[in-house]
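First comes the structure, then the notes that go with it.
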Amino acid sequence: MEQHQLNLSTPLAFFDLETTGTNILKDKIVQISILKALPGGSFKQRTWLVNPQMPIPAEASKVHLITDDQVVDAPIFKEVAEEINIYIEGCDLGGFNVLRFDIPLLMAEFERAGFELDLTERRLLDAQRLYHLMEPRTLTAAFQFYIGKSIEELSGHAHDAATDTLATFMVFNEQIKRYNGKVVLDEIGGKELTISNDMDIISRVTKGKSVDTANRLIYNTDSVVCFNFGKYKDKPVADVFRKLDPSYYSWMMSGDFPTETKKWITKIWNENVKVNNPTGAPRQGV
């Protein structure tokens, strides 16, 4: 691409981060690349490798292929923060999923380096958000995409329960055929999984890290159940119950949590606390 076709009155900095993980508060940048589009059609791009001053987890390296050895001699973010800040000065910011991830993490890194990334006068443009708005994630859209027909052709109208059930099954059947042999990254453990006509694999792929359907509990990369909310977010449930805050179990059991979630934490309590402390909190049925 020699020239862009965007109608710009202000430079637009599209950027992407490679990081040690997805926790905005704890994880760090290992690489940042910024493509700056200028009014008139030209653009230029710069990329920085960054030493995050923490080990890069293997599951993160598997995604972006950047290892500890590659960043050991790279500058830390504080050493390149001013240069990056100058490079994007006066620019609107854009990227893919930048609103939920890249911008908050970049702001956190700037803050740690003693800089403020002021967004009050900048326009923020997210290609992922535009994609989701313009390409609906509905059954009707999925049926048209996978089957190549209008869902109304099944029975003359859409959103009848029987029609929708048949349409969903047809979409799923086509997905299994279309993606057979495709490789995806398992969210639990970061291992590669190959899509096949195997419901164990499909379940693993579609459920992701979620333990309960309310997504209050998730598996970490070691397949350990962790909290996905509150002050113990990302902490193993068993560790919290055993050592950090045993009363958290009682608080959850008396709180407004789904029955399924309570069954899971009761199972973990009984397996990790009750078995070693027979006089502790009683087993609670839900």
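Consider the stretch 166-184 and keep the residues that are of a type in the set (D, E, K, R) and assigned to a helix (DSSP H, G or I). The one that is nearest to K149 (Cα to Cα) is E174.
Out of the residues in the stretch 184-217 that are among the β-branched types (V, I, T) and touching a Leu at 6+ places or on another chain (Cβ under 7 Å), state the one that is farthest from E260 (Cα to Cα).
Among those residues, the one meeting the criterion is V184.
The set of residues in the stretch 50-70 being surrounded by 17 or more Cβ atoms within 10 Å (Cβ to Cβ) and touching a residue at least 12 places away in the same chain (Cβ under 8 Å) consists of V50, N51, P52, I56, E59, A60, I66.
A single member of L166, L125 is modelled with pLDDT of 85 or more and either among the acidic types (D, E) or closer than 20 Å to G95 by Cα (or both), and it is L125.
Go through the stretch 21-42 residue by residue and tally those that are among the aliphatic types (A, V, I, L, M) and either on the phi > 0 side of the Ramachandran plot or under 15 Å from the mean Cα position of the chain (by Cα) (or both). Here the count works out to 2.
For the stretch 120-165, what are the residues that are more than 30 Å from L99 (Cβ to Cβ) and either part of a loop (DSSP other than H, G, I, E, B) or touching a Gly at 6+ places or on another chain (Cβ under 6 Å) (or both)? Lay out the reasoning, then the answer.
Within the stretch 120-165, the subset more than 30 Å from L99 (Cβ to Cβ) is 147-165.
Across the stretch 120-165, the qualifying residues are G148, K149, S150, I151, G156, H157, A158, H159, D160.
Look at (1) in contact with a Leu (Cβ under 9 Å, 6 or more places away or on another chain); (2) outside the structural domain of C91 (by TED's automatic domain parsing); (3) not small (G, A, S) and you find that L106 fails only one, number (2).
Any residue at all in the stretch 44-63 that's over 24 Å from E111 (Cβ atoms), within 21 Å of the chain's Cα centre (by Cα) and of a type in the set (S, T, Y)? Let's see the steps before the verdict.
Going through the stretch 44-63, the residues over 24 Å from E111 (Cβ atoms) turn out to be 44-45, 58-59, 61-63.
This time we only want the ones that are within 21 Å of the chain's Cα centre (by Cα), so: 58-59, 61-63.
If we keep only those that are of a type in the set (S, T, Y) as well, we get 61.
Yes: one or more hits.
With respect to being of a type in the set (K, R) and out of contact with any Pro (no Cβ under 9 Å at 6 or more places or on another chain), K44 fits the description.
Please find, among E260, E271, the residue that is of a type in the set (D, E, K, R), surrounded by 10 or more Cβ atoms within 10 Å (Cβ to Cβ), more than 27 Å from the chain's Cα centre (by Cα) and at pLDDT 90 or above.
Details: E260 fails: more than 27 Å from the chain's Cα centre (by Cα).
Only one candidate qualifies: E271.
When you check T120 against the structure, is it surrounded by 15 or more Cβ atoms within 10 Å (Cβ to Cβ), among the polar types (S, T, N, Q) and at pLDDT below 95, yes or no? It is false that T120 is surrounded by 15 or more Cβ atoms within 10 Å (Cβ to Cβ), among the polar types (S, T, N, Q) and at pLDDT below 95. Of the residues making up the stretch 41-64, one or more are farther than 30 Å from V183 by Cα, part of a loop (DSSP other than H, G, I, E, B) and hydroxyl-bearing (S, T, Y).
Note on the stretch 185-240: residues that are of a type in the set (S, T, Y), over 19 Å from I24 (Cα atoms) and part of a loop (DSSP other than H, G, I, E, B) total 3. Considering F143, F101, F110, F115, the condition of being under 30 Å from E79 (Cβ atoms), in contact (Cβ under 8 Å) with a residue 24 or more places away in the chain and over 25 Å from the mean Cα position of the chain (by Cα) is satisfied by F115 alone. Somewhere in the stretch 154-177, is a residue surrounded by 13 or more Cβ atoms within 10 Å (Cβ to Cβ), touching a helix residue (DSSP H, G or I) at 6+ places or on another chain (Cβ under 8 Å) and within 18 Å of E59 (Cα to Cα)? Looking through the stretch 154-177, none of the residues is surrounded by 13 or more Cβ atoms within 10 Å (Cβ to Cβ), touching a helix residue (DSSP H, G or I) at 6+ places or on another chain (Cβ under 8 Å) and within 18 Å of E59 (Cα to Cα). Filter the stretch 1-25 down to the residues that are of a type outside the set (D, E) and free of Cβ contacts under 8 Å to residues at least 60 places away in the same chain and list them by number. M1, Q3, H4, Q5, L6, N7, L8, S9, T20, G21 - these are the residues of the stretch 1-25 that are of a type outside the set (D, E) and free of Cβ contacts under 8 Å to residues at least 60 places away in the same chain.
From the list V184, V211, V237, V225, exactly one residue is exposed (fewer than 15 other Cβ atoms within 10 Å of the Cβ) and β-branched (V, I, T). Which is it? Exactly one of V184, V211, V237, V225 is exposed (fewer than 15 other Cβ atoms within 10 Å of the Cβ) and β-branched (V, I, T), namely V184. Looking at this structure, is S203 at pLDDT below 90, within 30 Å of G255 (Cβ to Cβ) and small (G, A, S)? The answer is yes for S203.
The values are calculated or read from the model by the stated rules, or taken from the named source; none is laboratory data. Just so you know, these numbers come straight off a predicted model, no measurement behind them. Glycine gets a Cβ as well: all are built from the backbone with ideal geometry, and neighbour counts include every protein chain shown.
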